[in-house]
Amino acid sequence: MADQKELVEAELLKQINNNDLGVQDSVEFAGAFGFDHKTVAGVIRSLTAAEMVTYKEFDSSRWVLTKEGAAYADKGSPEVQVFNAIPEGGVPLTTLKEQLGKDVADVGFKQAMQQKWAAIVKGPEPLVTKKVDSVIDTVKELLQQIQADKEVDKVAVEKLKKRKMCSLETQKVYQVTKGPKFALEKKKMETDLTSEMVLKGTWKDTEFKPYNFAAMGTAPTGGHLHPLLKVRKEFREIFFSMGFEEMPTNNFVESGFWNFDALFQPQQHPARDAHDTFFMTTPADTPPENFPQDYLERVKTTHEKGGYGSIGYNYDWKIAEASKNLMRTHTTAVSSRMLYKLAQEGFKPKKYFSIDRVFRNEAVDRTHLAEFHQIEGVICDKGLTLGDLIGVLHAFFKRLGIEKLRFKPAFNPYTEPSMEIFSYHPKLQKWVEIGNSGMFRPEMLEPMGLPPDVSVIAWGLSLERPTMILYDIGNIRDLFGHKVNLSIVKSNPICRLQLPSEVESEAWPCKNEAAEEANDRTNLKHGKGFPSPAYGVMRGVGCGNFEDASGCNIGEGAGALLCDGLRLRPIWSAN
């Protein structure tokens, strides 16, 4: 078929080039060179799309043979076939039907009788005999003339039409002339822009085939949800069932002020370096006047000189650094905006959550990508403690089917105390980290305008890690990114987290005596709400040795707290 099109294209362009008027009738052109007219029409449209030719279209009617008519044009009309099959002395009609077939014999015998070419001789078995010596097959001649597109007598052709040997066919005929880009050879246009064209710059001189936006596309067989979307839906349902409100997370691009400074994260912190964060080039900065000016000054003062029980970081805070635009490194930037808005509108207890994409300039490997999804929960109310945070985490993870939890002290610039969350993995038979948590520092909350007795507890985890566990995916690049096999999107099973049958609807506050005792001891030792000056000791835990619930000593100092479930056993030292 491809060779036929190439032959048609070459001959058509040649005929147009040799004739100033071009090809006046595409049907005549097809007949002259023995081409199928449908193929010729397709080539004309293809050349028109390339602006090599232009055409005018008009309707043309012509007589064409039916399937029966084409057979009679080859073998003769049925009446002549019957006449030629009659031997001297006649033949029974049944024998004619056996020789010629029932349809030809019936039609041919009827027509031969009307033409008085044959007769029936009565007897024990009636015989069909000839009444003339010879006949002329005018029907065959007419059919062959129609087959050759020759002029045929109208009365005669109407008779053939009644006998269903021919029909009138109307078809599109094209008058073709040279186009603005006419050439004797069609240059193949590219259909795709490749990475090689972009790198070498050859796309500038390449001619591309225009998109046909009016063309009908392949009908989709149905939509499919990515595994991440299925797990995300389950997490959202958990948050909603616990009375949380979803935060708007539509800003992928954020300023350094909301992403870092508002969280009391110093401007010289390693996370703010280019090797950890993606900075924008256009627009590179947010105009300083776009920030709330009174809040901006309070944040600056807290960083430089401290306040709210802190000595600050003692450095020269720069608005230029805070104005830099970047791809947000965590959804806590959204939390900072929401808490500031809550403070301005008048504080009332709130529970927020978000699940969306964040970006970090990290080396890509089987467990890390430069972009991933973060799940974050935030609760703000008066008098919240570390015990409330632990209780909420147990209630939250219980809804995921995770009941064995442990907590380990950690450091975050904007939370104090901070805890890493561990869960026992029965398949791996060890404790694995599943998230991070903490209480937002007063240096972050009070400059926003929140009352001093308001505390905010928060936790976060990635969406990819639980999805990989649920779907048994060992490499994160097989789950998310350009290397994903789309077949897993079509064939992945329904996600159903291991939700317990009965869970209390109100998950907080959920206090326990051990955690409250730890807070009370800390309040006695340091004073309630005492923040660490810079990178120091956890609030809520004093210096000393700690052991787990089984009595096993697990370390000393600020990094020695472990909670097995809700059991916390601090052993306080004399200092």
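The values are calculated or read from the model by the stated rules, or taken from the named source; none is laboratory data. All values derive from a computational prediction rather than experimental measurement. Glycine also receives a Cβ, built like all others from the backbone with ideal geometry; neighbour counts cover every protein chain displayed. Only protein heavy atoms, including side chains, enter the accessible area calculation; ligands, DNA and RNA are left aside. Shrake-Rupley method; radii C 1.70, N 1.55, O 1.52, S 1.80 Å.
I need a count of the residues in the range 278-296 that are out of contact with any helix residue (DSSP H, G or I) (no Cβ under 9 Å at 6 or more places or on another chain) and of a type outside the set (S, T, N, Q).
So the answer is 5.
Of the residues that make up the range 95-112, is at least one without any contact (Cβ under 8 Å) to a residue 60 or more places away in the chain, assigned to a loop (DSSP other than H, G, I, E, B) and either open to solvent by less than 40 Å² (accessible area, probe 1.4 Å) or of a type in the set (A, V, I, L, M) (or both)?
Here is the first cut: in the range 95-112, the residues without any contact (Cβ under 8 Å) to a residue 60 or more places away in the chain are 95-112.
After this cut, where a residue has to be assigned to a loop (DSSP other than H, G, I, E, B) as well, the list is 101.
Cutting the leftovers down to either open to solvent by less than 40 Å² (accessible area, probe 1.4 Å) or of a type in the set (A, V, I, L, M) (or both) gives us 101.
Looking through the range 95-112, at least one residue is without any contact (Cβ under 8 Å) to a residue 60 or more places away in the chain, assigned to a loop (DSSP other than H, G, I, E, B) and either open to solvent by less than 40 Å² (accessible area, probe 1.4 Å) or of a type in the set (A, V, I, L, M) (or both).
Given G460, G481, which one is open to solvent by 10 Å² or more (accessible area, probe 1.4 Å), on the phi < 0 side of the Ramachandran plot and out of contact with any Cys (no Cβ under 9 Å at 6 or more places or on another chain)?
Numbers: G481 fails: on the phi < 0 side of the Ramachandran plot.
Checking each option against the conditions leaves just G460.
May I ask you to list the residues in the range 7-34 that are of a type in the set (D, E, K, R), within 15 Å of A183 (Cβ to Cβ) and open to solvent by 90 Å² or more (accessible area, probe 1.4 Å)?
Passing the criteria: only K14.
Cβ-Cβ below 9 Å, separation at least six or inter-chain, first residue in the range 316-331 and more than 20 Å from M247 (Cβ to Cβ), second charged (D, E, K, R) and open to solvent by 60 Å² or more (accessible area, probe 1.4 Å): which pairs?
W317/K300; I319/K300; A320/D285; A322/K300; S323/D285; K324/D285; N325/D285
I want to confirm something. Restricting to the range 50-78 and keeping residues that are acidic (D, E) and under 51 Å from the mean Cα position of the chain (by Cα), which single residue is nearest to Y211 (Cα to Cα)?
Pass one, the range 50-78, residues acidic (D, E): 51, 57, 59, 68, 74.
Next, only the ones that are under 51 Å from the mean Cα position of the chain (by Cα) stay: 51, 57, 59.
Working: E51: 14, E57: 23, D59: 28 Å.
Restricting to residues being acidic (D, E) and under 51 Å from the mean Cα position of the chain (by Cα), the top hit is E51.
Just to verify a result, which residue in the range 81-94, among those that are modelled with pLDDT of 90 or more and open to solvent by 30 Å² or more (accessible area, probe 1.4 Å), is nearest to the chain's Cα centre (by Cα)?
So the residue we want is Q81.
Considering the range 190-222 alone, what residues qualify as being in contact with a helix residue (DSSP H, G or I) (Cβ under 9 Å, 6 or more places away or on another chain) and of a type in the set (A, V, I, L, M, F, W, C)?
Those that are in contact with a helix residue (DSSP H, G or I) (Cβ under 9 Å, 6 or more places away or on another chain) and of a type in the set (A, V, I, L, M, F, W, C): L193, M197, W203.
Being under 20 Å from F252 (Cβ atoms) and either surrounded by 13 or more Cβ atoms within 10 Å (Cβ to Cβ) or among the basic types (K, R) (or both) is the filter here, so list the residues in the range 362-383 that pass it. Please lay out each step first, then the result.
Within the range 362-383, the first condition is being under 20 Å from F252 (Cβ atoms), and the residues that meet it are 362, 364, 368-376, 378.
Across the range 362-383, the qualifying residues are E362, H368, L369, A370, E371, F372, H373, Q374, I375, E376, V378.
Within the set of pairs 6+ apart or on separate chains, which have a first residue in the range 1-30 that is free of Cβ contacts under 8 Å to residues at least 60 places away in the same chain and assigned to a loop (DSSP other than H, G, I, E, B), a second that is open to solvent by less than 100 Å² (accessible area, probe 1.4 Å) and hydroxyl-bearing (S, T, Y), and C-beta atoms under 9 Å apart?
Final answer for the pair search is M1/T39; D20/T177.
Among the residues of the range 444-468, what is the count of those that are under 24 Å from I390 (Cβ atoms) and either free of Cβ contacts under 8 Å to residues at least 24 places away in the same chain or among the small types (G, A, S) (or both)?
4
For L228, which of the numbered conditions (1) within 29 Å of V484 (Cα to Cα); (2) in contact with a strand residue (DSSP E or B) (Cβ under 6 Å, 6 or more places away or on another chain); (3) in contact (Cβ under 8 Å) with a residue 40 or more places away in the chain fails to hold?
In the conditions (1) within 29 Å of V484 (Cα to Cα); (2) in contact with a strand residue (DSSP E or B) (Cβ under 6 Å, 6 or more places away or on another chain); (3) in contact (Cβ under 8 Å) with a residue 40 or more places away in the chain, L228 misses (2) alone.
Name the one entry in V139, V152 that is of a type in the set (V, I, T) and closer than 30 Å to G42 by Cα. Give the derivation first.
Working: V139 fails: closer than 30 Å to G42 by Cα.
The match here is V152.
Specify the residue that is surrounded by the fewest Cβ atoms within 10 Å (Cβ to Cβ); the eligible residues are those in the range 121-145 that are of a type in the set (A, V, I, L, M, F, W, C) and touching a residue at least 24 places away in the same chain (Cβ under 8 Å). Spell out how you get there, then give the answer.
We begin by selecting, within the range 121-145, every residue of a type in the set (A, V, I, L, M, F, W, C); these are 121, 127-128, 132, 135-136, 139, 142-143.
Next, from what is left, pick out any that are touching a residue at least 24 places away in the same chain (Cβ under 8 Å): 121, 127-128, 135, 139, 143.
Details: V121: 11, L127: 17, V128: 23, V135: 16, V139: 22, L143: 28.
Within the range 121-145, the match that is surrounded by the fewest Cβ atoms within 10 Å (Cβ to Cβ) is V121.
Could you check V358 against (1) open to solvent by less than 30 Å² (accessible area, probe 1.4 Å); (2) in contact (Cβ under 8 Å) with a residue 60 or more places away in the chain and say which number it fails?
Answer for V358: the failing condition is (2).
How many residues are outside any loop (DSSP other than H, G, I, E, B), free of Cβ contacts under 8 Å to residues at least 60 places away in the same chain and either in contact with a Ser or Thr (Cβ under 9 Å, 6 or more places away or on another chain) or surrounded by 17 or more Cβ atoms within 10 Å (Cβ to Cβ) (or both) if we restrict to the range 284-305?
So the count comes out to 6.
Which one is nearest to V104 (Cα to Cα) among residues in the range 38-56 that are part of a helix (DSSP H, G or I) and open to solvent by less than 40 Å² (accessible area, probe 1.4 Å)?
To start, the set of residues in the range 38-56 that are part of a helix (DSSP H, G or I) comprises 38-49.
Now narrow it down to the ones that are open to solvent by less than 40 Å² (accessible area, probe 1.4 Å): 39-44, 47.
On the way: T39: 35, V40: 36, A41: 37, G42: 39, V43: 41, I44: 42, L47: 47 Å.
Restricting to residues being part of a helix (DSSP H, G or I) and open to solvent by less than 40 Å² (accessible area, probe 1.4 Å), the top hit is T39.
Among the residues of the range 78-98, which ones are under 21 Å from V139 (Cα atoms), out of contact with any Lys or Arg (no Cβ under 8 Å at 6 or more places or on another chain) and among the polar types (S, T, N, Q)?
Residue satisfying the conditions is N84 alone.
Is it the case, given these coordinates, that Y414 is hydroxyl-bearing (S, T, Y), modelled with pLDDT under 95 and over 15 Å from F235 (Cα atoms)? Write out each step before concluding.
Numbers: hydroxyl-bearing (S, T, Y): yes; modelled with pLDDT under 95: yes; over 15 Å from F235 (Cα atoms): yes.
So Y414 fits the description; yes.
Of everything in the range 443-480 that's part of a helix (DSSP H, G or I) and modelled with pLDDT of 90 or more, which residue is farthest from F260 (Cα to Cα)?
Here the answer is E446.
Residue-wise test of (1) basic (K, R); (2) exposed (fewer than 13 other Cβ atoms within 10 Å of the Cβ); (3) over 29 Å from K5 (Cα atoms).
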| residue | (1), (2), (3) |
| --- | --- |
| D36 | no, yes, no |
| F58 | no, yes, no |
| S61 | no, yes, no |
| A70 | no, no, no |
| E79 | no, no, yes |
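Considering only residues of the range 146-158 that are within 16 Å of A32 (Cα to Cα) and not hydrophobic (A, V, I, L, M, F, W, C), which is most open to solvent (accessible area, probe 1.4 Å)?
Filtering the range 146-158 down to residues within 16 Å of A32 (Cα to Cα) leaves 146-150.
So of that shortlist, the ones also not hydrophobic (A, V, I, L, M, F, W, C) come out as 147, 149-150.
On the way: Q147: 112, D149: 91, K150: 130 Å².
So the residue we want is K150.
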